[in-house]
Amino acid sequence: MKVNNIFLIIIFFTFVISCSKNQIKTENIIKEKNLDSQVLEAYKSGMESLESGDVLFAAKKFNEAEMLFPQSEWAPKAALMAAYSYYSQDYYGDAILELQRFIKLYQNYKNIDYAYYLLAVCYYEQIVDEKKDTNSILKAKEYFQFIIKKFPNTDYELDAKFKLDLINDILASKEMYVGRYYFDKKKWIPAINRFKTVVDDYDTTIYIEEALHRLVEIHYTLGMKEESEKYAKILGYNYQSSTWYKNSYSIFNKNYKIDVKNKEMKDKINKNNFLKKIKSLFN
């Protein structure tokens, strides 16, 4: 009898424990489902606010969706949409902070390439001109270079390369702007350094021809004929048909400008004679 009582007690406790576990499991499922519905509701509210143009409230709702259930599949989507909300209305500082946080938390997310691209674009769209602070330019360049290296054969890589060319033009333009200033002030050494930077680092930009010509000019002025000729040869070899090469050539050949004027005069005379000949056919 006593043994039977003990057996019944064991069965009872086993049943109670089992029921408790099932109850906890059921409560967890209900709680998880409830969280999912709250997340979706917050996410939906964020999308509606974004579409209506209230980007600050949209970002707030996306952040709320992420914080409600950080382990859900909606969390990284919501975090990325919060960043995009700020970006869409030029709140670049807030967008950058959101994206930096996103990259730190969701490094393995499938759309991480878009996060890096949007981060680069946030810096890129803050570029004003070559005379302003270059922090945005350099940051945009850094991230676009990262995209090209990390995410090849993507649409992001193609656009990154295009924007990188434009950034290099801006940086070269800045070097030329400062170089011309030193050139006008006859501060030859700092001017040489600026023009050399263009030649060494930005040789694919539109400023390479002028930079080479300026180096020809300065070195010739300083009496460094061999160095001047070196840059003139580079200019002639690569850009013989350019105006800057003609300007450099005229430095070494003082009769060049006279020859050009004589040629222009001859061409003008020949043109007039040809027109007179054509006109006589109709008399």
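Would segment 266-282 turn up any residue that is assigned to a loop (DSSP other than H, G, I, E, B) and either modelled with pLDDT of 50 or more or among the aromatic types (Phe, Trp, Tyr) (or both)? Checking segment 266-282: at least one residue is assigned to a loop (DSSP other than H, G, I, E, B) and either modelled with pLDDT of 50 or more or among the aromatic types (Phe, Trp, Tyr) (or both). Within segment 48-72, the set of residues being surrounded by fewer than 18 Cβ atoms within 10 Å (Cβ to Cβ) and within 22 Å of Leu119 (Cβ to Cβ) comprises Leu56, Lys60, Met67, Pro70. Of the helices (runs of 4 or more DSSP H) lying entirely inside segment 91-194, those containing at least 3 residues that are farther than 30 Å from Phe62 by Cβ span 155-184.
Taken over segment 41-98, the criterion of being of a type in the set (S, T, N, Q) and either over 27 Å from the mean Cα position of the chain (by Cα) or at positive phi (or both) is satisfied by Ser45, Ser49, Ser52, Gln71, Ser72. Residues in segment 148-178 that are basic (Lys, Arg) and modelled with pLDDT of 95 or more: Lys149, Lys150, Lys161, Lys163. In this entry, Thr204 is excluded by the filter for residues that are crowded, with 17+ Cβ neighbours inside 10 Å and closer than 30 Å to Thr134 by Cα. Based on this model, can you work out whether Gly236 counts as in a helix (DSSP H, G or I) and within 29 Å of the chain's Cα centre (by Cα)? It is false that Gly236 is in a helix (DSSP H, G or I) and within 29 Å of the chain's Cα centre (by Cα).
Of all residues assigned to segment 215-223, at least one qualifies as being at positive phi and at pLDDT below 95.
The values are calculated or read from the model by the stated rules, or taken from the named source; none is laboratory data. Computed from a predicted model, the values in this text were never measured in an experiment. With ideal geometry, Cβ positions are generated from the backbone for all residues, glycine too; neighbour counts draw on all protein chains shown.
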